[in-house]
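These notes are about the structure you will find just below.
The values are calculated or read from the model by the stated rules, or taken from the named source; none is laboratory data. Everything quoted here is computed from the prediction, not taken from an experiment. Positions of Cβ are backbone-derived with ideal geometry, glycine not excepted, and every protein chain shown enters the neighbour counts. For accessibility, only protein heavy atoms count, side chains too; no ligands or nucleic acids. Shrake-Rupley method; radii C 1.70, N 1.55, O 1.52, S 1.80 Å.
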Amino acid sequence: MKELNKNWLTEGLIDFEYKKYMLLAYLHDVKGSFNEKKLYPFLSDLLFHYQNLVRLKENKQLLKEHFPKQISSADFEKLEVIYEELVNDDKVMRELEEIVMFALPKLKDQLVEGKEIYEEIEDKLSISPIGLSPLNLDAGYLLFHTNNRTETQVYEYQVTLFQTAEAKYRGIHTHFVESISKTIGNTFENIKLELIKKYKKLPNPATFLVNSKINYPFEETVMPITKRLLVKKLYSETQ
């Protein structure tokens, strides 16, 4: 099981043993991924499921609202659909509460492990500017380098702003540019200059070196952690 449906608790058979099996199968895959130092997308999924269950535990009405609905009648002339809730009895609600009480500590334990791995890897990553940084830091290059390796992976990044009902967030979109050999004569500063000459659309790009002490999984770990660290670095220093 590579993912746990967001409505796993209330979809399908409402049975403690069945839901227990479903959750443990999911957590088994999470554990295997974490053992390989692959954090995403499992770490963010774990946080979603944990916070969701905490809210459901605190508000039984929310739990009831999570149930799928079944069409009982429809007014096709007015295009209105009347829904009938499938579940209204206390027995099922008690079963769900038992599942929630079982799931919460299991999810929390795995979430804690994931956060510990995150902090361990974050401590071994560093982000530093290459050359002078322009006033606009919303676009530029990321140079990924791992100790004892000659290849440097170059990515272009673009900061985007998106808004939810609660707050505004910054996200970073990246795409691969090329792989360049780092040698004694070809410094990171030289690589930046060559990128400026070769790709004219960014004449004065912000450029950052992302250095990793250990070769961690890139897509599942290094890149998502880098994005979070870069947003923190860019906008904490410019406040």
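What the table below lists for this structure:
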read-out	value
Accessible-area composition of segment 1-51, carbon plus sulfur, in percent [1.4 Å probe]	54 percent
Segment residue 135-residue 58, length gained on full extension (0.36 nm per residue, minus Cα span)	23.1 nm
Long pairs among 108/213; 197/233; 19/91; 6/37, criterion Cα-Cα beyond 20 Å	108/213; 197/233; 6/37
Relative packing of 222-231, 186-195, which averages over residues the other C-beta atoms within 10 Å, highest first	222-231, 186-195
Surface/4 estimate of mean projected area, convex hull on alpha-carbon atoms of segment 102-142, nm²	4.7 nm²
Protein accessible area in segment 124-239, 1.4 Å probe - carbon and sulfur %	54 percent
